[in-house]
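Only one structure is covered here, and it is reproduced in the block below.
The values are calculated or read from the model by the stated rules, or taken from the named source; none is laboratory data. Values in this document were obtained by computation on a predicted structure and should not be read as measured data. All Cβ positions, glycine included, derive from the backbone under ideal geometry; neighbour counts span all protein chains shown.
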Amino acid sequence: MLHDVGKVAISDLILKKPGRFNRDEFEMIKQHTILGAQLFLEPQSEFDDAASQVALTHHERWDGRGYPGFVDLISGSPLTGHTGPNGQPMGKKGTDIPLFGRIVALADVYDALSSERIYKEAWSESDVMLTLEKESGHHFDPELVEIFFSISDIIRSIRQRYVDNG
């Protein structure tokens, strides 16, 4: 529920843009992960810890090509020893990504592809599932994709129960 909470700090001019982001806009959008996690710098509960992990890591990819990567939560700067050749933070990959982040990454993409947005129509269920299967081991934890597919009837039922009517 709080995975995108950092977007409250991003301008609506960017968030509600009907087309693709340019490079600078995308760099600004990527900051929502760090900004969201920063809201939980002084956790009061296990829920706060989990919310921080999810906010920070839900755009990491199983293959390490996600963001924000290994960053200092206060400054957003790359952690020493975790920078790529371009000086940018290396993405977390595999089990370096907390389980909650890996789960929400899969659920977030499922929801994004299945839902209509200002900039796109909702995809068909079969196209969504094909994409999730194709991204197993690349974008997503393959074990979680397998679990997701094993409970897809339940997920579909929940999705239908909570259809957003705009």
Top-ranked residue of the stretch 75-101 - restricted to ones that are closer than 17 Å to Lys30 by Cβ and aliphatic (A, V, I, L, M), ranked as surrounded by the most Cβ atoms within 10 Å (Cβ to Cβ): Ile97
Hits in the stretch 112-132 - residues which are touching a residue at least 12 places away in the same chain (Cβ under 8 Å) and exposed (fewer than 11 other Cβ atoms within 10 Å of the Cβ): Ile118
In the stretch 137-164, the residues that are of a type in the set (Ser, Thr, Tyr) and in contact (Cβ under 8 Å) with a residue 40 or more places away in the chain: none
Selected residue [of a type outside the set (Gly, Ala, Ser), touching a Leu at 6+ places or on another chain (Cβ under 8 Å), in contact (Cβ under 8 Å) with a residue 24 or more places away in the chain and surrounded by 13 or more Cβ atoms within 10 Å (Cβ to Cβ)] from Val104, Val109: Val109
Selection from the stretch 89-129 of residues that are among the aromatic types (Phe, Trp, Tyr) and over 19 Å from Tyr67 (Cβ atoms): Tyr110, Tyr119, Trp123
Looking only at the stretch 35-74, and only at residues there that are closer than 12 Å to Met90 by Cα and touching a strand residue (DSSP E or B) at 6+ places or on another chain (Cβ under 7 Å), the one that is surrounded by the fewest Cβ atoms within 10 Å (Cβ to Cβ): Phe70
Residue, modelled with the lowest pLDDT, within the stretch 96-131, restricted to residues that are of a type in the set (D, E, K, R), part of a helix (DSSP H, G or I) and over 16 Å from His3 (Cβ atoms): Glu125
Test set (1) in a loop (DSSP other than H, G, I, E, B); (2) aliphatic (A, V, I, L, M); (3) within 23 Å of Ile151 (Cβ to Cβ) - Ile74 fails condition number: (3)
